[in-house]
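The values are calculated or read from the model by the stated rules, or taken from the named source; none is laboratory data. As the structure is a prediction and not an experimental result, all values here were calculated from the model. Note: ideal-geometry Cβ built from the backbone for every residue, glycine included; neighbour counts use all protein chains shown. Side chains are part of the model used for accessible areas, which takes the heavy atoms of the whole protein and leaves out ligands, DNA and RNA. Shrake-Rupley method; radii C 1.70, N 1.55, O 1.52, S 1.80 Å.
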Amino acid sequence: MLRYFLAFLLFAHGLIHVLGFVKAFGIAPVEQLSQDISKPVGIFWLACALVLITAGIIFLFKNNVWWAFAALAIVPSQILIISSWSDAKFGTLANILLLVPALLAFGEWNSMMTAKDELRAFLPAFKSKQQPKIITQEDIAHMPPVVQKWLERSNIVGKTPARVSHLRQRGAMRTKPGGDWMPFTAEQYFTAVKPGFYWTADVGNFFLNFKGRDMYRDGHGNMLIKAYSLVPVADAKGKEIDQGTMLRFMAEMVWTPSVALKEYITWEQLDERRAKATMKYGFLTVSGIFTFTLQGDMQCFDAERYYDRNGRTTLENWHIDADPTGFKTFQDIRIPARSTVTWKLGDGDFQWLKMEITDAEYQ
């Protein structure tokens with residue numbers, strides 16, 4: 001409904017500007033405009049009309065640069081309205097109503113272009129034409145038995161190891177215990193040779209919206225959040241963020257199981273169903289414990305991760321549960337597609353994320 005209203009406003013506002021041109025050139029009587037308008041000014045009225053109508057057409061075709069045309073017209077439109085204030089003052093309301101969505105559209109466009117540039121720098125260029133080696137039973141024979149069972153259950157034997165995985169996600173999150181759940185959709189790229197991920201999310205709705213970007217690259221993490229793609233809410237970095245994003249990478253390798261064979265990951269079996277994974281990369285080392293079912297599916301993951309409490313960070317138990325009914329197969333790779341993330345705090349559990357992978361591509 002809002003979309004149609006905005007399209008109508010662009011066209012209607014543009015057509016109203018045509019009246020200034022008609023008045024200036026005496027094409028027809030315009031009773032709504034009592035003030036005289038010179039022909040040069042009349043041409044400006046027509047120019048604004050054409051730009052606004054063009055913006056409306058581009059908007060209807062869902063081109064995300066419509067905001068540029070609207071912004072190009074709003075300022076001269078307002079100047080013309082002020083020059084004929086007694087007749088055209090209500091056009092100010094239309095400009096205000098157009099300015100807000102144009103700013104939001106600019107933020108969306110700017111966020112998208114930034115993400116494209118960052119992703120281009122993040123993803124590796126595969127220059128080698130040599131076919132990657134297929135994973136064999138011998139390749140996993142040195143792993144602890146519980147890890148071998150998981151890798152076999154994930155169907156990676158007989159496949160080439162993934163260099164990059166591309167995941168699409170949806171779910172809900174909240175920022176504090178007892179807070180409202182906010183829906184989100186997300187996209188994530190996960191690299192294996194040089195460990196890293198690039199995650200972008202659209203959180204909330206039209207009335208309360210956040211764009212998030214979480215990145216782990218070259219051993220460092222950075223979380224950037226903007227309200228409506230315009231107003232920075234958080235730009236977190238530093239050793240605590242590095243540790244957290246590195247742990248996230250290690251926990252999320254269950255979505256790209258062949259990463260478990262990389263040299264920066266080592267394994268230690270704790271008992272029949274648990275294995276400790278340790279990741280060493282750059283100057284950091286992190287560890288966490290995977291628990292598997294007797295059939296070999298990932299059940300949960302636990303690690304000590306930094307939790308921010310009003311600017312004060314403490315190490316807390318970070319717990320991920322895999323939904324036992326939520327396993328899916330993508331390109332013949334079996335992964336836990338539904339999961340929840342909970343902080344196990346001293347004053348109670350804080351489940352903050354419910355997530356489902358809707359698609360996964362491996363290359």
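When the residues of the stretch 81-103 are filtered to those that are under 26 Å from the mean Cα position of the chain (by Cα) and open to solvent by 50 Å² or more (accessible area, probe 1.4 Å), the one that is nearest to Ser34 (Cα to Cα) is Leu99. For first residues located in the stretch 338-351 and closer than 19 Å to Ala186 by Cα and among the aromatic types (Phe, Trp, Tyr), partners that are open to solvent by 30 Å² or more (accessible area, probe 1.4 Å) and part of a strand (DSSP E or B) and lie 6+ apart or on another chain with Cβ distances below 8 Å do not occur. Scoring Gly171 on the criteria (1) of a type outside the set (A, V, I, L, M); (2) open to solvent by 40 Å² or more (accessible area, probe 1.4 Å); (3) in contact with a Lys or Arg (Cβ under 8 Å, 6 or more places away or on another chain) leaves a single failure, condition (2). With respect to being outside any loop (DSSP other than H, G, I, E, B) and either buried (at least 21 other Cβ atoms within 10 Å of the Cβ) or touching a Gly at 6+ places or on another chain (Cβ under 8 Å) (or both), Phe69 fits the description.
In the stretch 23-64, the qualifying residues are those that are closer than 20 Å to Tyr4 by Cβ and in contact with a Phe, Trp or Tyr (Cβ under 7 Å, 6 or more places away or on another chain), and the one that is surrounded by the most Cβ atoms within 10 Å (Cβ to Cβ) is Ala55. Answer yes or no as to whether Thr136 is surrounded by 14 or more Cβ atoms within 10 Å (Cβ to Cβ) and either touching a Ser or Thr at 6+ places or on another chain (Cβ under 7 Å) or closer than 30 Å to Lys194 by Cβ (or both). No. Put simply, of Gly212, Gly179 the only residue that is surrounded by fewer than 14 Cβ atoms within 10 Å (Cβ to Cβ) and free of Cβ contacts under 8 Å to residues at least 40 places away in the same chain is Gly179. Val193 satisfies every condition listed in (1) over 21 Å from Ala115 (Cα atoms); (2) at pLDDT 95 or above except (2).
When the stretch 334-363 is filtered for residues that are among the β-branched types (Val, Ile, Thr) and open to solvent by less than 20 Å² (accessible area, probe 1.4 Å), the ones remaining, listed by number, are Ile335, Val341, Thr342, Ile357. The set of residues in the stretch 163-190 that are modelled with pLDDT under 95 and of a type in the set (Gly, Ala, Ser) comprises Gly178, Gly179. Take the conditions (1) within 25 Å of the chain's Cα centre (by Cα); (2) assigned to a loop (DSSP other than H, G, I, E, B); (3) among the β-branched types (Val, Ile, Thr); Thr325 misses just one of them, which is (1).
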